[in-house]
Amino acid sequence: MLSIQNVKSGYGRITVLHDLSLEVDNGVIGLFGPNGAGKTTLINAILGMNRVETGTITFEGREIQNSPTHEIVRGGIALVPQERELFPLMTVMENLVVGAEQIVHAREQIAESLEEVFSHFPILKEREKQLAGTMSGGQQRMLAVGRALMARPRLLILDEPSLGLQPSIVHDLFTVLSEMTEGVTILLTEQNVRESLRIVDRGYVLENGKIVLSGSAEELAHNPEIERSYLGL
């Protein structure tokens, strides 16, 4: 679905990603690494917000590197950013509808999409008239995911979805993510490797802008380097 080959990207004269390659197929794919490893830079490169100096990014057979972000989004990729970036003075329902309004095929399926989002996150149905800015952090994260799903993407990217959430909320959120893979592939960037390995099919470890490890969830969970550096074993 998404193929990244030999990508070099960064900020101005600072190179962050060095000849990076990875493949995103069906299911849930994890991208792990510490702060500063290049996870968000890679997401920005995929979405056209960071210039790709060399290499290619191909989505469903079409090269998208350095394309306008709005074209990439309309082409089937949606992002849930770290900071959620909701409209705090708009209601839950209004935030959800905004997620579909700029994409023709999504705009035509708003009612169906709302039903699907509410099935994943019933609390959003209960709070549909509540202002987004008055919700808890966990509920706002659910709303951000729901809003992204309203665009009916084929690839959903989540940048550090566990950031700032208490462990029980993280566990529940990841469980929902593992259940919503029908029709949508998920690329998940995380520092919480332990929780992520519970739901991912395959993972990559990014350090200093390079992929240093990859494998199935089971392979990574039993890798001595992962156990030592990320699982505290």
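The values are calculated or read from the model by the stated rules, or taken from the named source; none is laboratory data. All values derive from a computational prediction rather than experimental measurement. Backbone-built Cβ (ideal geometry, glycine too); neighbour counts: all protein chains shown. Keep in mind that these areas ignore ligands, DNA and RNA; they rest on the heavy atoms of the full protein, side chains included. Shrake-Rupley method; radii C 1.70, N 1.55, O 1.52, S 1.80 Å.
Among the residues of the range 55-82, those that are part of a loop (DSSP other than H, G, I, E, B) and in contact with an Asp or Glu (Cβ under 9 Å, 6 or more places away or on another chain) comprise I64, G75, G76, P81, Q82. Test I43 against the stated conditions and say whether it is open to solvent by less than 10 Å² (accessible area, probe 1.4 Å), assigned to a strand (DSSP E or B) and of a type outside the set (S, T, N, Q). Taking the combined requirement at face value, the residue does not satisfy it. Residues of the range 48-71 that are crowded, with 20+ Cβ neighbours inside 10 Å and either under 16 Å from the mean Cα position of the chain (by Cα) or under 17 Å from E190 (Cα atoms) (or both): G48, F59. Per the listing P167, P161, P153, the residue uniquely under 17 Å from the mean Cα position of the chain (by Cα) and over 20 Å from F87 (Cα atoms) is P153. Here T40 passes the criteria (1) touching a Ser or Thr at 6+ places or on another chain (Cβ under 9 Å); (2) at pLDDT 95 or above except the one numbered (2).
Which residues, counting only those in the range 83-108, are within 20 Å of the chain's Cα centre (by Cα) and surrounded by fewer than 19 Cβ atoms within 10 Å (Cβ to Cβ)? Walk me through it before giving the result.
First, pick out the residues of the range 83-108 that are within 20 Å of the chain's Cα centre (by Cα): 83-87, 95-100, 102-103, 106.
Within the range 83-108, E83, E85, F87, V97, V98, Q102 meet the criteria.
Considering only residues that are open to solvent by 10 Å² or more (accessible area, probe 1.4 Å) and outside any strand (DSSP E or B), which ones fall in the range 1-38? Once the filter is applied, which keeps residues that are open to solvent by 10 Å² or more (accessible area, probe 1.4 Å) and outside any strand (DSSP E or B), the range 1-38 yields M1, G12, R13, D25, N26, G27, P34, N35, G36.
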